[in-house]
Amino acid sequence: MVERTEEQHAEKMKKKQAAHDRIMAGKTVEKGLLIVNTGKGKGKTTAALGMVVRMIGHGKKVGVVQFVKGAMTTGEKAVFDAFPNNVEFKAMGEGFTWNTQDRARDIELAREAWDEVKRMVADPAYDLVLADELNIVLRYDYLPLDEVLEVLTARAEMKHVVVTGRNAPQGLIDAADLVTEMTLVKHPFREQGVKAQEGIEF
């Protein structure tokens, strides 16, 4: 390993800062983003909820609709309920489709949750809308992708929308401004038989 003097390090960092400043000077666009968190790894909803926390910190209003997780009590709902002026949190599912085993009911609930997302997207009061696990709904064809894309792409210019869930459809990926795929490297549920735990999974 090559050791650098303080002067060499300072010179290198100065060049990095100048390059960074040149890049940042060209980034002037502000717009509402369509963000997709997908993949088999843990953290899709968690990352999205981190953005919700940031929005609260900036005094913004957020709408959260959970398509699947309404069957369980989550720590995040308890936290966001403490900020009723900033967050409207609607857990509207009844669990995963293998739990309900009732396709017609799943489609009905998906439609009700989607109607809430559409309302929030159309309402200028909301700065960000999180459609949690919408990708699961789309994967099972509970909602038509064309309808979802039409609503999301026609949103107001500064409206941010975050969609989470495994197996994001290609059409949604193509329409998105930012797509992150969480990759599963290791998980205690699979490797060690560790069950879902408070504060970690819910």
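Here are some notes:
- Check: the chain dipole with +1 on Lys, Arg Cβ and -1 on Asp, Glu Cβ, in debye: 580
- 5 angstrom amide H check on Leu34, placed H, neighbours 5+ away: Val161, Asp177, Leu178
- Annotation for segment 22-127: GluC sites (Glu not before Pro) lying in DSSP loop with at most 13 further Cβ atoms inside 10 Å of their Cβ are Glu30.
- Summing Cβ point charges (Lys, Arg +1; Asp, Glu -1) relative to the Cα centre of segment 3-75 gives a dipole of roughly 380 debye.
- Residue-wise HN-Hα coupling along segment 128-143, computed from phi with Karplus coefficients 6.51, -1.76, 1.60 (Hz; x: Gly, Pro): 9, 10, 10, 9, 7, 6, 4, 4, 5, 4, 5, 4, 8, 6, 7, 9
- Taking one quarter of the surface of the C-alpha convex hull of the chain gives a mean projected area of 15.7 nm².
- Per residue value of the accessible surface for the chain (all protein chains in place, 1.4 Å probe), Å²: 62
- Probe 1.4 Å, all protein chains present, accessible-area order of Met182, Met13, largest first: Met13, Met182
- Within the accessible area of the chain (1.4 Å probe), percent carbon and sulfur: 52
- Within the chain, longest stretch free of exposed trypsin sites (Lys or Arg not before Pro) [DSSP loop, at most 13 other beta carbons within 10 Å]: 41-185
- Distance from segment 1-66 to segment 116-179 (C-alpha centre basis), Å: 22
- Adding -39500 (n - 2.57) for every DSSP H run of four residues or longer, then dividing by how many residues the chain holds, sets the calculated 222 nm ellipticity at -13000 deg cm²/dmol.
The values are calculated or read from the model by the stated rules, or taken from the named source; none is laboratory data. These figures come from a predicted structure and were not determined experimentally. So basically every Cβ, Gly included, is an ideal-geometry build from the backbone, and we count neighbours across all protein chains shown. Accessible surface areas use protein heavy atoms only, side chains included; no ligands, DNA or RNA. Shrake-Rupley method; radii C 1.70, N 1.55, O 1.52, S 1.80 Å.
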